[in-house]
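Only the coordinates and a few stated rules stand behind these numbers; no lab work does. All of these numbers come straight from a predicted model, not from anything done at the bench. Every residue, glycine among them, receives a Cβ derived from its backbone with ideal geometry; neighbour counts consider all protein chains shown.
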Amino acid sequence: MRRVAFAAVLVAGVAVLALLLSDRVLPIEVWATPGRAGEWGKDEPEVIEIDLSEKTEQTIQELAAKQVEVPSRTAPVVFVDAGHGGNDGGCFEGDIIEKNINLSIAGLVQDKLEALGYEVVMSRSVDTYVAKEDRVKNANDISADIYVSIHQNSSEVRSVKGMEVWYDGADAQRDSRRLALLVSQQTARSTGAVEREVRSDADFHVTGSTRMPACLIETGFLSNKEERTKLASQEYQEKIASGIVQGIEYYFHPKTMYLTFDDGPSENTSKVLDILKERNIKATFFLVGENVEKHPEIARRIAAEGHAIGIHCYTHDYEDLYRSAESFLEDFERARRAVREATGVEAVLFRFPGGSINSYNDKVYAEIIKEMTRRGYIYYDWNASLEDAAAGVEPTQLIANGVQTTLGRKKVILLAHDVVHNTGEILEDLLDRFPEYEMLPLSVDVEPIHFKDSSAVG
């Protein structure tokens, strides 16, 4: 059984209360006094057993509203809020009551997070009522890193099912949207539930008044018979908890994606840059020299906004480019000079048009790679692609291509083309599909991904 943890400031009140109570026993953890501001000792708590009588039930409920253990800050602090409780049962169907399911799932989330090394603070660990204002205050007082509230849903339309996740869309300073996307995505994957939507338009106190990233998950509809049966089962609750925890894991420990754009700059590049700026994402642009000369102001904007710049080529004429190693090197130098003159960047990153190994350069790529490496340049291929260079690809297919080729890899270099109109149009939706990834620009410190010569195998 989980013990109820109270802040040290409550010790005096608890000691007095213990003299008055009888009949039942409630274990209470009393933690070490604080050291530095906002930090607490890591010693094991002293456990005090207090008799609990019916006449003091209300008093204990009031104390439970303040049951916040101030964490030691050795790991991310997650505030887990089991919705409703006590005389507030939430929605229900027969003897299946929301507050009980919320508490059960929250407990499983706590166990799984603590097993991973997180510090977890619960809004409630027992069936008691805690006002939403107190839940938020407790989370804010301990400066929790994130807040996750667990609930169930209900509808007069009995066929409605699936999960929904909510966040406060009015506050762009917090990272609540990313947290909500991750919790939704991973819980849907873990359970197989319908992922209804991630919404920002609810006026929930627990998501709107917290100072840290916060989301509220409705894990299913008790009004739907099929889903209600699942939600009441331990097995399904485990799946829900696993999904929530995986979403939290990705929030604090994301995988890595290097978003790269070839062939620009062009007029379409401005749309891409606008979206990246709004999302505070830095990408990598492999520039074409003749396009830099046509759009020097856009090339300068790429550099000014902190994106990585690499060389692609000057003419993008495959037959001329790969006619010989000398032809490639000559083209590359023209492109390098054009980029330097427009942006002031002396690029050392580059990408072969068509990739390092293709049908045009099969006789010269080894010689080119050897010479470019000798000169200190680093080339990058890719392991995922929108396949947007092909003509006439529908926007939805571009997103599908990106998702399918990524395949959950921990490190992804994603190929896209900023000269393609549809790529700019779908970029926002595409980025929402990858909340588990931290988007970073390439640099000389990033180990390259290279195509392999299959003909040399064996």
### Query
Taking other Cβ within 10 Å of each residue's Cβ, how do Phe332, Phe92 sort, fewest first?
Phe92, Phe332
### Task
Starting with the highest mean, order 82-88, 161-167, 114-120, 189-195 by the number of other Cβ atoms within 10 Å, averaged over the residues of each peptide.
161-167, 82-88, 189-195, 114-120
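Which pairs, out of Lys239/Lys282; Lys132/Lys411; Lys99/Lys282; Lys132/Lys161, put more than 32 Å between their alpha-carbon atoms?
On the way: Lys239/Lys282 35 Å; Lys132/Lys411 40 Å; Lys99/Lys282 43 Å; Lys132/Lys161 26 Å.
Pairs exceeding 32 Å: Lys239/Lys282; Lys132/Lys411; Lys99/Lys282.
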### Message
Assuming 0.36 nm per residue, please report the length gained on full extension of the stretch Ala115 to Arg323 beyond their Cα-Cα distance.
### Response
69.0 nm
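Order 250-263, 123-136, 378-391 from most to least packed using the mean count of other Cβ atoms within 10 Å.
Working: 250-263: 21.4, 123-136: 19.9, 378-391: 18.2.
So the order, starting with the most tightly packed, is 250-263, 123-136, 378-391.
Given +1 on the Cβ of Lys and Arg, -1 on the Cβ of Asp and Glu, and no further charges, what dipole in debye does the range 116-188 carry about its Cα centre, rounded to the nearest 20?
Working: 9 positive and 11 negative charges, 50 e Å.
Dipole size: approximately 240 debye.
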### Task
Kindly provide log₁₀ I(q)/I(0) values, in the same order as q = 0.24, 0.25, 0.27 Å⁻¹, from the Debye equation applied to equal alpha-carbon scatterers of the range 359-439.
-1.08, -1.13, -1.25
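Based on the alpha-carbon gyration tensor of the range 75-252 and its eigenvalue square roots a ≥ b ≥ c, which shape applies: rounded if a/c is under 1.5, prolate if not and a/b is larger than b/c, or oblate?
On the way: a/c = 1.37, a/b = 1.31, b/c = 1.05.
Taking the square roots of the gyration eigenvalues as a ≥ b ≥ c, the range 75-252 is rounded.
Test of understanding: ordering Lys271, Lys230 by Cβ neighbours within 10 Å, fewest first, what list do you get? Let's see the in-between values first.
Values: Lys271 16, Lys230 19.
The fewest-first ordering by Cβ neighbours comes to Lys271, Lys230.
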### Query
Computed FRET efficiency, Cβ-Cβ of Gln404 and Arg199, R0 25 Å: what is it to the nearest 0.05?
0.40
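Checking the a/c ratio against 1.5 first, then a/b against b/c, what shape does the Cα gyration tensor give for the range 313-458?
On the way: a/c = 1.63, a/b = 1.48, b/c = 1.10.
The shape class here is prolate.
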### Task
Once you have the Cα-Cα distance between Asp175 and Asp95, take 0.36 nm times their residue separation minus that, and quote the gain in nm to one decimal.
25.1 nm
### Under Karplus coefficients 6.51, -1.76 and 1.60, residue-wise ³J(HN,Hα) of the range 220-229 in Hz, glycine/proline x
x, 9, 5, 6, 8, 4, 4, 6, 4, 4
### Task
On a C-alpha basis, how far is the centre of the range 392-435 from the centre of the range 235-267 in Å? Whole number, if you could?
14
### Task
Starting with the highest mean, order 235-243, 198-206, 289-297 by the number of other Cβ atoms within 10 Å, averaged over the residues of each peptide.
235-243, 289-297, 198-206
### Message
Let's test the formula: R0 of 60 Å, r as the Cβ-Cβ distance of Ala304 and Glu133. What FRET efficiency results, to the nearest 0.05?
### Response
0.85
